[in-house]
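Read the structure below first, then the notes.
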């Protein structure tokens, strides 16, 4: 393995370990906070119309997607953060809704306490057009300084994600990229600050490479088992509401640490990675160089880098 490839992989593993294993959440980042009046927009795309959406044990909801939004409703909202969620669950009779998430700890009479902004009807969360409608609707209303987009649902690697009963595999990774890039004109920097893929099987290097122009940072996991996304999101969402002055890297560090805090580490096994997409072209070049030097074709390296 050549020096460039080895150095790249070592740097990536070092970042993963530093963000994922530290016990000290306060002093992990030494970056000066941004302006006190900065605003964050949080977008949650929760695809719940699939078998793995069902939760077991006591919960605010038997639906993972509904529970994700409910835990956000129970957190005090900072005036500097705005949150909207696109939700699909069998409890909504297959209809997909966009909600403006606000603090409301009382038990909901219906599905949620949050205001329904738009009813998209009986559409599939695996349809790229559904994602685009959500992004265009929410981003046109928020006007924040920074944005984090979370996709929570099922994943099948490069074959697709956010599928449901009507579209099992969901949207292909290149279609996902196209839809996110289509709203770049609505984002201050032309891309999201953080893209979090809360779906199994999505943490491969080829997926991150494909999504490299959609966000500065991509958080994902290679695990093929369902994770408690609602608990994980609740951890870092609470941090953001209490500290809206967090910058991009600080919030990403909290998001990594949330994986540990939301699970019983004596029993749960998890591996979450945080990628700086600005380095992905260098990573691809390193693999190309290694391929040329060893005579191995990309297929033999088990990569699908474009």
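The values are calculated or read from the model by the stated rules, or taken from the named source; none is laboratory data. What you are looking at is a predicted structure, and each value in this text was computed from that prediction instead of being measured. Heads up, the Cβs are rebuilt from the backbone with ideal geometry, glycines too, and the neighbour counts pull from every protein chain shown.
In this entry, residue 245 is excluded by the filter for residues that are modelled with pLDDT of 80 or more and under 15 Å from the mean Cα position of the chain (by Cα).
Inside the stretch 273-306, residues that are closer than 22 Å to residue 218 by Cβ and at pLDDT below 80 make up a count of 16.
Of the residues screened, residue 212 is one that is in contact with a helix residue (DSSP H, G or I) (Cβ under 6 Å, 6 or more places away or on another chain) and outside any strand (DSSP E or B). Of the residues making up the stretch 186-204, just one is farther than 17 Å from residue 216 by Cβ and not in a loop (DSSP other than H, G, I, E, B), namely 198.
Residue 144 meets the conditions (1) under 22 Å from residue 53 (Cβ atoms); (2) surrounded by 17 or more Cβ atoms within 10 Å (Cβ to Cβ); (3) touching a residue at least 60 places away in the same chain (Cβ under 8 Å) in every case but one. The failed one is (1). Out of the residues in the stretch 176-185 that are crowded, with 16+ Cβ neighbours inside 10 Å and touching a residue at least 40 places away in the same chain (Cβ under 8 Å), which is farthest from residue 124 (Cα to Cα)? Among those residues, the one meeting the criterion is 183. Go through (1) within 16 Å of residue 68 (Cα to Cα); (2) modelled with pLDDT under 95; (3) buried (at least 21 other Cβ atoms within 10 Å of the Cβ) for residue 124 and report which single condition fails. Only one criterion is unmet by residue 124, namely (1).
Has the stretch 82-89 got at least one residue that is in a loop (DSSP other than H, G, I, E, B), at pLDDT 75 or above and crowded, with 17+ Cβ neighbours inside 10 Å? Checking the stretch 82-89: at least one residue is in a loop (DSSP other than H, G, I, E, B), at pLDDT 75 or above and crowded, with 17+ Cβ neighbours inside 10 Å. Restricting attention to the stretch 158-169, does a residue exist that is part of a helix (DSSP H, G or I), surrounded by fewer than 21 Cβ atoms within 10 Å (Cβ to Cβ) and touching a helix residue (DSSP H, G or I) at 6+ places or on another chain (Cβ under 7 Å)? Among the residues of the stretch 158-169, not one is part of a helix (DSSP H, G or I), surrounded by fewer than 21 Cβ atoms within 10 Å (Cβ to Cβ) and touching a helix residue (DSSP H, G or I) at 6+ places or on another chain (Cβ under 7 Å), which makes the answer no.
Within the stretch 131-152, the only residue that satisfies the criterion of being in contact with a helix residue (DSSP H, G or I) (Cβ under 6 Å, 6 or more places away or on another chain) and over 19 Å from residue 199 (Cβ atoms) is 139. Put simply, of 126, 97, 48 the only residue that is touching a strand residue (DSSP E or B) at 6+ places or on another chain (Cβ under 7 Å) and without any contact (Cβ under 8 Å) to a residue 24 or more places away in the chain is 97. Do we have any residue at all in the stretch 107-119 that's in a strand (DSSP E or B), under 29 Å from residue 216 (Cβ atoms) and either within 19 Å of the chain's Cα centre (by Cα) or touching a residue at least 60 places away in the same chain (Cβ under 8 Å) (or both)? No, every residue in the stretch 107-119 fails to be in a strand (DSSP E or B), under 29 Å from residue 216 (Cβ atoms) and either within 19 Å of the chain's Cα centre (by Cα) or touching a residue at least 60 places away in the same chain (Cβ under 8 Å) (or both).
Tell me, please, whether a residue that is out of contact with any strand residue (DSSP E or B) (no Cβ under 7 Å at 6 or more places or on another chain) and crowded, with 19+ Cβ neighbours inside 10 Å can be found in the stretch 112-120. Yes, the stretch 112-120 has at least one match.
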